[in-house]
Amino acid sequence: MTALDNSLALEAQGEGRWRALADPNYEANTGMFGGWTTALLAKAVLAHPDAQGTLSAATVHFVNRVPPGSFLSVHAQRLGASRSLAYWRCDLTVEGATSGELAATATMVLANRRESDRFTEDQMPGAPPPEPIEPFHPPGPFGQRIEMRTVLGSPPFNKPSTRSLMWQRETSGRKLDAVQMAFLCDIGPPRVWYLGTTPRPSSTTTMSIYIHATEPELAACGDDFVLSDMIATRIEHATAGSNAKMWSRGGTLLATTEQLCWFR
């Protein structure tokens, strides 16, 4: 068991219900790291006895702060399904909080994939291998669990573009799967930082991830780096949009992600 596996441990509380601990090792500046919360919700859906198929899409709304060290209640339920697709909802509440008050809620799609036509519009951007690049850890306890090696866009201040190109990986040695892909999709400096000279308060309000890789393609990555190519879409009226493409070292498009952040 790796450190990330231990932090995402679920204690069964009845069908579709689990209890978890918000591991302080994955704390960010404003509560638990959003990628950790997303990974926990994804794991709960996939652990449900009725879950079939692989995680293909997830949209998470971060409703309230998840305090590090708190105990959490997680509830996953299937909303509907066909032979190919199943639609799920997963809710997270903090024990002891106001009754029924959500901390996060997600909708997810599981797919029974089959062979089909194949096409990828984009190609992996050119990037040197990660090993010669100096490693960097984001601020906060969660950052010590993540290793980043920047090709473009660091430090993220006073830049003519909001684009960043970064190799990144979770450092526990855990092998890449859909749960860990969800974790990695939330990594990257807030895009609003690229507009000024110093960090500014920023927090993700909603994030959507789309996992394009098959389970064998994710497994083939082992615990290697993935390349994140992230850029802002529009920053205005205290919100900042961004999207990112996540590539394997071998040039496979693993996932894409879209976020909307609040800032001041």
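Annotations
- Net charge dipole size for the chain [Lys, Arg +1 and Asp, Glu -1 on Cβ; Debye, nearest 20]: 440 debye
- Relative to the Cα centre, the charge distribution of region 3-111, modelled as +1 at Lys and Arg Cβ and -1 at Asp and Glu Cβ, gives a dipole magnitude of about 320 debye.
- Cβ crowding within 10 Å averaged over residues, with 211-222, 170-181 ranked highest first: 170-181, 211-222
- Under the simplified labelling scheme, the SER161-TYR210 pair shows an inter-label distance of 2.2 nm, with each label point 7 Å from Cα along Cα→Cβ.
- Gyration tensor (alpha-carbon) shape descriptor, the chain, a/c threshold 1.5: oblate
- Length released on extending from ALA219 to GLN123, taking residue separation times 0.36 nm less the Cα-Cα span: 32.5 nm
- Label-point separation in nm, ARG19 to LEU152, each point 7 Å along Cα→Cβ: 4.9 nm
- Between region 217-246 and region 42-76, the alpha-carbon center distance in angstrom: 20 Å
- Estimated [θ] at 222 nm from DSSP helical runs (n ≥ 4, -39500 (n - 2.57)) normalised by residues in the chain, nearest 500: -3000 deg cm²/dmol
- Residue-span extension gain [HIS237 to THR171] - 0.36 nm each, minus C-alpha spacing: 20.1 nm
Every number in this text was worked out from the coordinates using simple rules, so none of it is lab data. Just so we're clear, the structure is a prediction, and the values are computed from it rather than from any experiment. Note that we place each Cβ from the backbone using ideal geometry, even for glycine, and neighbour counts take in every protein chain shown.
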